[in-house]
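Asker: This is the structure I have questions about; it appears just below.
No value in this document is a laboratory result; all are computed from the given coordinates. Predicted, not measured: the structure shown is a model, and the values here were computed from it. All Cβ positions, even for glycine, are placed from backbone atoms using ideal geometry, and neighbour counts span all protein chains on display.
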Amino acid sequence: MKNGEISYWRSNAGASSANWPRLDEDLNVDVAIIGGGLTGLWTAWVLKQRDPSLEVAVFEGEEIGYGASGRNGGWLSAKPVGMRRVLARGTSGRAGVLAIDRVLASSIHEIVEILGASEIDAHHGGWLEIARSRSELARIKHHLMDAQSWGVEPERVRLLGAEEVRNRVKVSGALGGLYSPDNYRVDPYKLVLAVANLAASSGAAIYTSSRVHNVTDGRRLRVGDFTVRARQHIVVATEGYSGRETGRSRSLLPMNSAMMVTEPLTDEQWRMVGWESAEGIRGVAHTFFYGQRTPDGRIAIGGRGHPYRFASKLDHDGRVDEKTVTALSNLLRDLFPQVSARPVHAWCGVIGVTRDWSPFVDTDPSNGITRVGGYAGQGLTASYVGARIVADLLCGKSTELTELPWVRPMPRRWEPEPLRWVGAHGLYKAYSIADRMEARRDTERTAWPARLADRIAGR
Ligand SMILES: Cc1cc2nc3c(=O)[nH]c(=O)nc-3n(C[C@H](O)[C@H](O)[C@H](O)COP(=O)(O)OP(=O)(O)OC[C@H]3O[C@@H](n4cnc5c(N)ncnc54)[C@H](O)[C@@H]3O)c2cc1C
């Protein structure tokens, strides 16, 4: 089985980022963007749309899509990003949260329209949360009530019975589900390459293998041996990698998420699994799973695995530890015991999590630096929205987007080590214990370790 190598999506594409040069001279631009993931690339494109005369350059330390953008589960969804109750504390209150919900809902279709469904293997199948125990069933009912309390229309999220879930996808032990049409399944690597090509064709410059070593006031960047001067702005779009920047190790917690893909299933095996509409599926255990039926007929499944590395350390090109590989293989067998689908590739990546689990667009006119991210694992649509907010702010426009509650200073920092490590691992352990308790006990009540963990995590 392949392990790491960025991701299955990256290996399958067989492409390389050889098209994009490394920076080999000093450079002056109007806007310098750090990070060649979806956020950085969308920002470059939207800025060029707003003002074609702007000189915009993206600097990526590795290759396009090296980060989470090239490794994710491929859910292009309108699920809420961050915590509504946290975002409602902003000046726009509840109205701001409803506005962001609307923007996310329309953005999924806009993205597919801009890039072309066939370019990114987009399939509009919705998402399906699957409950496999009585407490999970109670939880999805609670999720529905919560969505309704935020004004989500009945056609955008509804409960399904066990039979209705099984008619969609035959996951073992399904007792019910929550379905929403607001999701496209995509090939995430094709998505990030398509955005890179779009940005480049609009006139933005893209440099790969060009890591930014420091961001200083005075709008200067050190990139390898060269200096880049940004006449107007610097945009930092480094999400889960942000902790590497000097003095910012506690800004965003790089939380790990791991995935595994099987060999292609035969037609007979697909008959046993169903999943004809290619919904994005997700569990509602505390240590949840997520998955998709890939465009090339495989099962891709993901989960937390090893949650966090001490001192915000990062993985090596997506390499996964043996324990996580075993856990994902067991999960696959548990979900689909009717088929023996051999796993062929496992990998992992990091998502950027803020201390209040909610995103930010933090712009500081005094030093020209704008920071954007903190999508906590929901960045495919959010990166497009974040980029549009950044572009409006940088162009000095006051729009509906610049009023959204994501526009705020970065939340307070994470705790220093070893508290951060103990906290992340302790919470994950508590959630795992709660899942086991809930599976054993036939009760609707969420197990106490999870309730306690939610309270500590502020979720
Ligand atoms: C396994 C996994 C599954 C996920 N599944 C989903 C999903 O199904 N749906 C969803 O919506 N979201 C999902 N996410 C989250 C989503 O992928 C991210 O939120 C999104 O891709 C973030 O994009 P980004 O551009 O902000 O960050 P990234 O894609 O992480 O890009 C940051 C880039 O910055 C570069 N960089 C960092 N520091 C520097 C520097 N100093 N100089 C130059 N470059 C630098 C990095 O190399 C990296 O390429 C998942 C994430 C993971 C890891």
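Asker: Figure the gain on full extension for Asn3 and Gln338 (residue separation times 0.36 nm, minus the Cα-Cα span) and round it to one decimal in nm.
Answerer: Values: separation 335, 0.36 × 335 = 120.60 nm, distance 2.54 nm.
This chain segment gains 118.1 nm when fully extended.
Asker: Continuing with this model, one more query. Using θ = phi - 60° and the Karplus curve 6.51 cos²θ - 1.76 cosθ + 1.60, what whole-Hz ³J(HN,Hα) does each residue of the range 254-265 get, with Gly and Pro shown as x?
Answerer: x, 8, 7, 9, 10, 9, 8, 10, 9, 5, x, 7
Asker: Multiply the residue gap between Phe226 and Gln148 by 0.36 nm, knock off their C-alpha separation, and tell me the result in nm, one decimal place.
Answerer: Computed gain between Phe226 and Gln148 is 22.8 nm.
Asker: Set the Förster radius R0 to 22 Å, insert the Cβ-Cβ distance between Thr399 and Ala95 as r into 1/(1 + (r/R0)^6), and round the FRET efficiency to 0.05.
Answerer: Values: r = 15 Å, r/R0 = 0.69.
The computed FRET efficiency comes out at 0.90.
Asker: Ratio to report: Rg/Rh of the chain, with Cα atoms as the point set and Rh obtained by the Kirkwood method; give two decimals. Mind dumping the intermediate values first?
Answerer: Numbers: Rg = 21.2 Å, Rh = 22.3 Å.
That ratio is 0.95, to two decimals.
Asker: Quick check on the range 1-137: take the gyration tensor over C-alpha atoms, sort the square-rooted eigenvalues as a ≥ b ≥ c, and tell me if it's rounded (a/c under 1.5), prolate or oblate. All intermediate terms of the calculation are to be shown ahead of the outcome.
Answerer: Working: a/c = 2.04, a/b = 1.28, b/c = 1.60.
Judged from the Cα gyration tensor, the range 1-137 comes out oblate (a/c at least 1.5, b/c at or above a/b).
Asker: Also: Rounded to the nearest 500, what is the chain's calculated 222 nm mean residue ellipticity when only DSSP H runs of at least 4 contribute -39500 (n - 2.57) each, over all residues? Numbers along the way, then the final one.
Answerer: On the way: 12 runs with 152 residues, N = 459.
The helix-only estimate for the chain comes to -10500 deg cm²/dmol at 222 nm.
Asker: Work out, in µm²/s and without decimals, the Stokes-Einstein translational diffusion coefficient of the range 384-443 at 4 °C, 1.567 mPa s, Rh from Kirkwood over C-alpha pairs. Don't skip to the answer; put the middle values down first.
Answerer: Details: Rh = 15.4 Å.
The calculation lands on 84 µm²/s.
Asker: Now, a different point. Using Cα positions and a limit of under 18 Å, work out the aspartates and glutamates in reach of Lys170, with same-chain residues fewer than 8 apart set aside.
Answerer: Glu129, Glu136, Asp267, Glu268, Glu276, Glu279, Asp334
Asker: Something else now. Could you give the nm distance between label points at Asp321 and Ser118, where each point is 7 Å from its Cα heading toward the beta carbon?
Answerer: Taking the simple label geometry, Asp321 and Ser118 are separated by 4.5 nm.
Asker: I'd like the antiparallel share, as a percent to the nearest 5, of DSSP beta bridges with both residues in the chain. If you can, show how the numbers build up before the last one.
Answerer: Numbers: 49 of 73 bridges.
Once the DSSP bridges in the chain are tallied, antiparallel ones form about 65 percent.
Asker: Can you tell me the orientation of helix 188-201 relative to the chain, as the angle in degrees between its alpha-carbon axis and the longest Cα principal axis, to the nearest 10?
Answerer: 20
Asker: Right, here's the next one. Let me test this: with uniform point scatterers at the alpha carbons of the range 312-366, what is the Debye-based log₁₀ I(q)/I(0) at q = 0.12, 0.20 1/Å?
Answerer: Each listed q corresponds, in turn, to -0.51, -0.87.
Asker: For a test of the definition: using alpha carbon positions, the gyration tensor, and the 1.5 limit on a/c, classify the range 6-80 as rounded, prolate or oblate. Could you put the intermediate results ahead of the total?
Answerer: Numbers: a/c = 2.62, a/b = 1.34, b/c = 1.96.
Note, shape of the range 6-80 comes out oblate.
Asker: Okay, moving on. Compute the length gained on full extension between Asn367 and Ala439: take 0.36 nm times their separation in residues and subtract their Cα-Cα distance, giving the result in nm to one decimal. Please list the in-between numbers first.
Answerer: Details: separation 72, 0.36 × 72 = 25.92 nm, distance 5.24 nm.
Separation in residues times 0.36 nm, less the Cα-Cα distance, equals 20.7 nm.
Asker: Related question: Is there a quick way to get the dipole size of the chain? I mean about its Cα centre, with the Cβ of Lys and Arg at +1 and of Asp and Glu at -1; what is the value in debye to the nearest 20? If you can, show how the numbers build up before the last one.
Answerer: Numbers: 59 positive and 52 negative charges, 325 e Å.
Around 1560 debye, computed over the chain.
Asker: List the extent of the Cα atoms of the range 127-180 along each of their three principal axes, largest first, rounded to whole Å.
Answerer: Here the Cα extents, ordered largest to smallest, are 32, 21, 13 Å.
Asker: Still on this structure, please answer the following. Specify the angular offset, from 0 to 90 degrees and rounded to the nearest 10, of the alpha carbon long axis of helix 38-50 from the longest principal axis of the alpha carbons in the chain.
Answerer: 50
Asker: Still on this model: Between 0 and 90 degrees, rounded to the nearest ten: what's the tilt of helix 134-149 against the longest Cα principal axis of the chain?
Answerer: Its long axis makes an angle of about 50 degrees.
Asker: Compare the peptides 441-450, 235-244, 1-10 by average per-residue count of other Cβ atoms within 10 angstrom and give them in order, highest first.
Answerer: Details: 441-450: 15.8, 235-244: 25.1, 1-10: 20.2.
The densest-packed peptide leads the list: 235-244, 1-10, 441-450.
Asker: Once amide H atoms are built 1.01 Å from N in the peptide plane, which residues 5 or more positions from Ile33, or in another chain, come under 5 Å H to H?
Answerer: Ala57, Val58, Phe59, Val235
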